[in-house]
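The values are calculated or read from the model by the stated rules, or taken from the named source; none is laboratory data. The structure displayed is predicted, hence computed values, not measured ones. Virtual Cβ from ideal backbone geometry, glycine too; neighbours counted across all protein chains shown. With ligands, DNA and RNA removed, areas are computed over all heavy atoms of the protein, side chains included. Shrake-Rupley method; radii C 1.70, N 1.55, O 1.52, S 1.80 Å.
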Amino acid sequence: MTTTPQPEVLRAPLVVEFPFTRSLGPVQSAFLTGLRHRTVLGVRTTDGRTLVPPVEYDPVTADEIRDLVQVAETGTVTTWAWNPEPRRGQPLDTPFAWVLVTLDGADTGLLHALDAPGPDAVRTGQRVRIRWAEERTGAITDIACFEPDDSGPGSTRVAPHTGEFEDPVTGIVAHARLDYTYSPGGAQTRYINALADNRTVGERCPSCHKVYIPPRGACPTCGVATTDQVEVGPAGTVTTYCIVNVKAKNLDIELPYVYAHIALDGADLALHGRIAGIPYDQVRMGLRVEPVWSEDGRYPDHYRPTGEPDADYDTYKELI
């Protein structure tokens with residue numbers, strides 16, 4: 001008895017990255033603008049504690065707090081962890097320690113990097129000092145890192161501060177990035193491998209007999225494995241759509257364009273696809289379309305009208 005070897009499950013690096021823009025309230029604005037001026041500001045709570053980084057509401061009473069004070073550039077390490085392999089975008093490109101530092105005059109810790117030659121050079125209770133970035137823009141990265149300081153314990157006194165600076169920072173753009181290895185699983189591996197042959201293959205549920213595309217390996221309704229492969233399409237029907245008027249970064253497509261749900265012939269689930277080869281204002285529900293494959297033939301780049309009459313609504317209403 002022989003068995004057919006199964007194709008290797010695909011794996012590939014995947015990066016999810018986007019900028020997140022947020023406005024700043026008066027307290028956060030003063031804190032970040034202060035860093036640009038090499039000034040560390042905290043905020044005093046109703047019970048007399050000084051919080052660094054500052055927050056806008058008292059964590060105990062929930063009262064709004066605006067009493068800004070300036071603290072020292074020196075402080076004490078309260079806890080730490082060694083980072084032997086810095087990642088892209090981290091404060092230092094050589095091994096360093098993540099440290100929680102209570103600055104002199106503050107009652108809470110500030111998390112940042114400590115430039116140290118090795119883990120043996122880091123300890124709880126260690127005295128450190130801020131190393132300022134040469135170019136400062138009003139962000140937490142204006143603190144390049146912490147460095148060891150041998151000056152001894154500093155003063156815990158704080159100085160009131162108005163929080164007023166010229167050209168205050170009113171908003172920031174934080175770049176979120178997630179790097180990981182993605183595996184689509186056995187069902188989608190078979191689907192992707194079929195696309196390389198210009199075929200679209202779904203899987204049928206043995207219980208309800210619906211054909212899912214792209215397949216997930218199991219029927220979401222019945223909860224059973226979908227192992228019966230079914231080739232669908234290549235043509236299909238637009239079930240619903242939207243007109244895109246906002247340009248996406250790194251996507252060279254002329255605006256406006258249409259993105260649609262397309263029910264391929266023989267499938268019981270609509271997939272996403274871009275519609276081209278027709279004016280955007282002529283795209284409609286029921287439009288019959290076919291795939292136009294990418295230059296390398298690995299996937300449908302977009303869908304275009306087939307020239308067939310529009311599909312009757314009753315044939316696709318359950319797929320909207």
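With the requirement that a residue be open to solvent by 70 Å² or more (accessible area, probe 1.4 Å) and either under 30 Å from R22 (Cβ atoms) or not polar (S, T, N, Q) (or both), what does the stretch 193-216 give you?
Once the filter is applied, which keeps residues that are open to solvent by 70 Å² or more (accessible area, probe 1.4 Å) and either under 30 Å from R22 (Cβ atoms) or not polar (S, T, N, Q) (or both), the stretch 193-216 yields D197, R199, R204, P206, H209, K210, R216.
I'd like to check which strands (runs of 3 or more DSSP E) are fully inside the stretch 107-207 and have at least 2 residues that are closer than 30 Å to L271 by Cα and of a type in the set (A, V, I, L, M, F, W, C). Spell out how you get there, then give the answer.
Numbers: elements: 110-114, 127-132, 143-148, 171-182, 200-204.
So the answer is 171-182.
Name the residues in the stretch 253-269 that are β-branched (V, I, T) and touching a helix residue (DSSP H, G or I) at 6+ places or on another chain (Cβ under 7 Å), would you?
V258, the sole residue that qualifies.
Go through (1) open to solvent by less than 40 Å² (accessible area, probe 1.4 Å); (2) touching a strand residue (DSSP E or B) at 6+ places or on another chain (Cβ under 6 Å) for A225 and report which single condition fails.
Failing condition for A225: (1).
Inside the stretch 40-70, can you point out the residues that are touching a strand residue (DSSP E or B) at 6+ places or on another chain (Cβ under 6 Å) and among the aliphatic types (A, V, I, L, M)?
Of everything in the stretch 40-70, those that are touching a strand residue (DSSP E or B) at 6+ places or on another chain (Cβ under 6 Å) and among the aliphatic types (A, V, I, L, M) turn out to be V40, L41, V43, L51, V52, I65, L68, V69.
Of G105, G125, which residue is within 17 Å of P153 (Cβ to Cβ) and touching a residue at least 60 places away in the same chain (Cβ under 8 Å)?
One residue alone meets the criteria, G105.
Return only the number of the condition from (1) among the aliphatic types (A, V, I, L, M); (2) farther than 24 Å from L195 by Cβ; (3) assigned to a loop (DSSP other than H, G, I, E, B); (4) under 30 Å from the mean Cα position of the chain (by Cα) that I243 does not satisfy.
For I243, the exception is condition (3).
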